[in-house]
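**Q** The structure follows.
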Amino acid sequence: MPLHIKSVAISIAVTCFFGVSLIGWISGLSPFTCCKRALLGAVLAYIAGAWAVRGVNAILISAMVTNQMNKQKENDSDDRD
């Protein structure tokens, strides 16, 4: 079953946002700088997460198609015997 791209990418982006903001806060950055960096990190994480999920979905779909083709070949060979 393919994964939902948007929900997974949003989860990754939110996690990245809070992670980057926490690192900025611990480093002693100003709130505005911390917010800008966290927002930029979240946007980049959303894009990277969406690409990664699309790649995983492509692999999953390819495996499902190959599995179905192998099952059909087995059924065709069983019917001929």
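The values are calculated or read from the model by the stated rules, or taken from the named source; none is laboratory data. Predicted model, so just to flag it, every value in this text is computed and none were measured. As a convention, Cβ positions derive from the backbone with ideal geometry for all residues, glycine included, and neighbour counts pool all protein chains shown. Quick note on the areas: whole protein, heavy atoms, side chains included, nothing else; ligands and nucleic acids left out. Shrake-Rupley method; radii C 1.70, N 1.55, O 1.52, S 1.80 Å.
**Q** Arrange the residues 66, 33, 15 by how much accessible surface each exposes, largest first, with a 1.4 angstrom probe.
**A** Ranking 66, 33, 15 by accessible area, largest first, yields 15, 66, 33.
**Q** Which of the lysines could a cross-linker bridge to residue 36, judged by Cα under 24 Å and excluding same-chain residues fewer than eight apart?
**A** 6
**Q** Something else about it: Which values, in whole Å and largest first, are the semi-axes of the equivalent ellipsoid of the chain obtained as the square root of 5 times each eigenvalue of the Cα gyration tensor?
**A** So the three semi-axes of the chain are 47, 8, 7 Å.
**Q** Of 25, 9, 44, which is farthest on the positive side of the dipole of the chain, counting Cα position, with +1 on Lys and Arg Cβ, -1 on Asp and Glu Cβ, and the Cα centre as origin?
**A** Farthest towards the positive end: 25.
**Q** Accessible area per residue, 1.4 Å probe, Å², for region 2-49: what's the number?
**A** That works out to 70 Å² per residue.
**Q** Counting Lys and Arg as +1 and Asp and Glu as -1, each charge on the Cβ, what is the dipole of the chain about the Cα centre in debye, to the nearest 20?
**A** 640
**Q** Also, quick follow-up: Within the chain, what whole-number % of the accessible surface is contributed by carbon and sulfur, with the 1.4 Å probe and all protein chains included in the calculation?
**A** Carbon plus sulfur share of accessible area: 69 percent.
**Q** Distance in nm between label sites at residue 59 and residue 6, each 7 Å beyond Cα in the beta-carbon direction?
**A** With each label placed 7 Å out from Cα toward Cβ, I get 2.5 nm.
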